[in-house]
Amino acid sequence: MTTVDDRYTSVALPGDPAFAAATHVFNLAAPAEPAAALTARTVEEVRAAVAHARAEGLPVRVHTTGHGSAASRPMRGSLLIRTDLGGAVEIDAARRVARVPAGTRWGAVVEAAAAHGLTPPHGSSPDVGVVGYLLRGGMSFYSRKVGLAVNGVRAVELVTADGELLRADAVTEPDLFWALRGGGGGFGVVTAIEVDLFPVARVVTGAAFWPAAHASRLLKTWRRWTEDAPWEVATSARIMNLPPLPEVPPVLAAGPVLCVDGVVLIETEGDVPAGRAQADDLLAPLRALADPVMDTWQLTATSGVLEAHMDPSDPVAIIGDHLLLSEIGDDGVDELLRVIGEGSGSPLITAGLRQLGGAYAAPHPGGGALTHFDAAFAYSGAGVPGGDLTTEDIKAHCARVREALTPWDTGRTAPTFVESQDQPQRHLTQAQVEAADAVRRRVDPTALFQADTMLNTTAL
Ligand SMILES: Cc1cc2nc3c(=O)[nH]c(=O)nc-3n(C[C@H](O)[C@H](O)[C@H](O)COP(=O)(O)OP(=O)(O)OC[C@H]3O[C@@H](n4cnc5c(N)ncnc54)[C@H](O)[C@@H]3O)c2cc1C
């Protein structure tokens, strides 16, 4: 084993500005509170940090942006390594693969790939970290076409508990490669990842908003459209109660609105007319039911997809809940609107359904621990405490929604959509959990890392 000089490490303690920088999280409702922390900018710094933790007997935790902090295992007593490895996103256009240093956000990969007429299976926000999103599964607006994002991972480079830098792919370390892809984390510190890209000429993307008074007819029309929607099209439909902030158009803050946003994937310029027609099939019946108060759907470049869902870019306290649902039918729409629609008293800033199906549901040959979701919709709802609204108020309302949706609850969950470590979670079967644990014991026999996410509160 190569030795590592532990002088590379500059471990910071609470009160130190470097500790504040390393523990910074996007979700302010779930602060990172380790015993010590550092930001690692090179592979050598990662190795030195792991060696330091081993020598000091400190468990190690890893993060990048803290977008997933509420779903992560508590960090008390640990050494937190924040990964911010330098280096550019490398695009191999011939193989259609991007090599991405840990610490990179999706916006940078979308930009680098766009120059080659390619795009990655990214999520709705440009600021989410590539590694944390992919290792937890990754639900992209393109996933109805290309499958769960983690299925596109080609290789993972990581520093394991013994301080070694490994490359795991389908040929080298195949068991570790299987476990890394959705197996709950805690296998080491990922320093770079390779992910498949796919061709996209253009997209039709955006969001349309209607007063929530029209939500019942609109949502039922949308739901019927989802039953046999083309795989190139993916949408979400949400009730939003947006606050009157400078960045929120006043027309959207005037009262609850129903938002339908999403993407039509257009692979070649020749497919543009077909893509426009697919967007019309979705939107024309909705626009005919009521005039939107705002409508940004348009034919544009792939970067437009990162704005369609209107995710916040500044850190915010988020309290929420998530379920994977079976087909809910019109009865389910009624029940959902009873608890999140107009007059429901819902304090949730956003609550609704992301459309699954298509390639989301297809098992992936050669895939990892998590490859697909057998569900029709991902429900998620979230509020932001402040003013008279407490965390407990939001949690109580989340429980009300959960109860209303019980008839359609599959009992399964998507790791990237889990909103808190307290919520019920079931991502994998018992056999998959045991297989991932066995790999974890092999690569980390002294349990320096442990699983990062509460994998299976209940096994399937
Ligand atoms: C505004 C917003 C929008 C989102 N949109 C989507 C979406 O469209 N689709 C979707 O699927 N999800 C989405 N998510 C969820 C997001 O994908 C997860 O929270 C994801 O885990 C974030 O990864 P991260 O690295 O940015 O976060 P972090 O909180 O930094 O990391 C989360 C976990 O990833 C692991 N990890 C991170 N870096 C490393 C590393 N270098 N080595 C080893 N493990 C590491 C650790 O287990 C860590 O606990 C969104 C979240 C937010 C807040």
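Summary of computed values
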quantity	calculated
Farthest positive-ward along the chain dipole, Cα basis, beta-carbon charges - from T226, V316, P407	P407
Cα-centre dipole for the chain with unit charges at Cβ (Lys and Arg positive, Asp and Glu negative), debye to 20	380
Cα extents of segment 22-159 along the three principal axes, largest first (Å)	47, 32, 21
Percentage of interatomic Cα-Cα distances in segment 339-412 larger than 19 Å	48
Spacing of the two label points (7 Å from each Cα toward its C-beta) at A274 and T429, in nm	3.6
Equivalent ellipsoid semi-axes - Cα gyration tensor, segment 11-83, angstrom	18, 12, 12
Estimated dipole of segment 90-199 in Debye, rounded to 20 [Cβ of Lys and Arg +1, of Asp and Glu -1, Cα centre]	480
Computed over segment 202-417, Kirkwood Rh from alpha-carbon pairs, angstrom	18.0
MRE, 222 nm, helices only [DSSP H, n ≥ 4, -39500 (n - 2.57), over the chain, to nearest 500]	-8000 deg cm²/dmol
Efficiency of FRET from Cβ geometry, D374 and E56, R₀ 35 Å, rounded to 0.05	0.20
Enclosed volume per residue, in Å³, of the convex hull spanned by Cα atoms of segment 90-199	93
Fully extended contour minus Cα-Cα distance, from L245 to S326, at 0.36 nm per residue	25.6 nm
Once the Cα gyration tensor of segment 317-460 is diagonalised, semi-axes √(5λ) in Å	31, 20, 11
Segment 11-83 - share of DSSP beta bridges that are antiparallel (%, nearest 5)	10
Cut-off 15 Å between beta-carbons: net charge of the residues surrounding A212, Lys and Arg +1, Asp and Glu -1	+1
Förster radius 30 Å - calculated FRET efficiency between R41 and S303, Cβ distance, rounded to 0.05	0.65
Equivalent-ellipsoid semi-axes of segment 281-392, from the Cα gyration tensor, Å, largest first	26, 22, 19
Cα-based helix-to-principal-axis angle, 215-227 vs the chain, degrees rounded to 10	60
Approximate spin-label separation R224-A284, in nm, with each point projected 7 Å along Cα-to-Cβ	1.6
Neighbourhood net charge (9 Å Cβ-Cβ; Lys/Arg +1, Asp/Glu -1) for D92	+1
Rule-of-thumb Rg ratio for segment 220-296 [Cα; 2.2 N^0.38 Å; N residues]	1.25
DSSP beta bridge pairing in segment 16-173, given as percent antiparallel to the nearest 5	50
C-alpha center-to-center spacing [segment 77-99, segment 169-225] in angstrom	18
Distance histogram in 20 Å bins (all Cα pairs of the chain, percent per bin)	25, 58, 17, 0
Kirkwood-type radius of segment 160-199, with distances r between different C-alpha atoms, in Å	11.2
Net charge over other residues, Cβ less than 13 angstrom from the Cβ of R402 (K, R count +1; D, E count -1)	-4
Nearest-ten-degree value, helix 329-340 long axis tilted from longest Cα axis of the chain	80
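Throughout, read-outs are computed from the coordinates displayed, never taken from laboratory work. Note that this is a predicted model, so its numbers are computed, not measured. Heads up, the Cβs are rebuilt from the backbone with ideal geometry, glycines too, and the neighbour counts pull from every protein chain shown.
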